[in-house]
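**Q** Dropping a structure here in structure tokens format, bear with me for questions.
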Amino acid sequence: MSNIAEREIKAVYTTKEAAYYLGVSVTTFWRLVAKGLIEQGLRYSCRKRVWRKEMLDKFLNTVEQEQTEE
């Protein structure tokens, strides 16, 4: 199975997977979360968070809209 097809199947992403899905580093991903550009995610355990695909796609749509406006 290709990486693209694998990314489409998942409904919930860990931090590392979410960063990969968006094409950014984990550090950049956390910066985007801290700035409020990406939702905080869902608390999976006391130290882990996960993100739904819809949360990540919302960020991608926002970035895409900003690029088309320029």
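The values are calculated or read from the model by the stated rules, or taken from the named source; none is laboratory data. Model, not experiment: these values are computed from the prediction. Because the Cβ atoms are built from the backbone with ideal geometry, glycine has one as well, and the counts that use them run over all protein chains shown. In case anyone asks, the SASA skips ligands and DNA or RNA and just uses the protein heavy atoms, side chains included. Shrake-Rupley method; radii C 1.70, N 1.55, O 1.52, S 1.80 Å.
**Q** Tell me the carbon and sulfur percent of the accessible area for the chain, rounded to whole percent, probe radius 1.4 Å.
**A** 51 percent
**Q** To the nearest 10 square angstrom, how much accessible area does THR68 have with a 1.4 angstrom probe?
**A** Accessible area, nearest 10 Å²: 110 Å².
**Q** Something else: Can you work out the accessible area per residue across the chain, with the rest of the protein chains kept in place, probe 1.4 Å, in square angstrom? Working shown, then result.
**A** Details: 5330 Å² over 70 residues.
Ligands and nucleic acids excluded, the result is 76 Å² per residue.
**Q** Put TYR44, TYR20, TYR13 in order of accessible area, largest first, 1.4 Å probe: what do you get? Could you put the intermediate results ahead of the total?
**A** Working: TYR44 160, TYR20 120, TYR13 5 Å².
If we order TYR44, TYR20, TYR13 from most to least accessible, we get TYR44, TYR20, TYR13.
**Q** While we're on this one: Suppose we flag trypsin sites (Lys or Arg not before Pro) only when DSSP calls them loop and at most 16 other Cβ atoms lie within 10 Å. Which is the longest uninterrupted stretch of the chain?
**A** Working: sites that count: LYS10, LYS35, ARG47, LYS48.
Segment 11-34 is the longest.
**Q** With charges only on Cβ, +1 for K and R and -1 for D and E, what is the dipole size of segment 12-64 about its Cα centre, in debye, rounded to 20?
**A** Working: 10 positive and 5 negative charges, 67 e Å.
Result for segment 12-64 is approximately 320 debye, rounded to the nearest 20.
**Q** Quick check: pseudo-label points 7 Å beyond the Cα along Cα→Cβ at LEU37 and GLU69, how many nm apart are they?
**A** Each label point lies 7 Å from its Cα, and together they span 1.4 nm.
**Q** Another question about this same structure. Rounded if a/c is under 1.5, else prolate if a/b beats b/c, else oblate: with a ≥ b ≥ c from the C-alpha gyration tensor eigenvalues square-rooted, which is the chain?
**A** Oblate, because a/c is 1.5 or more while a/b does not exceed b/c.
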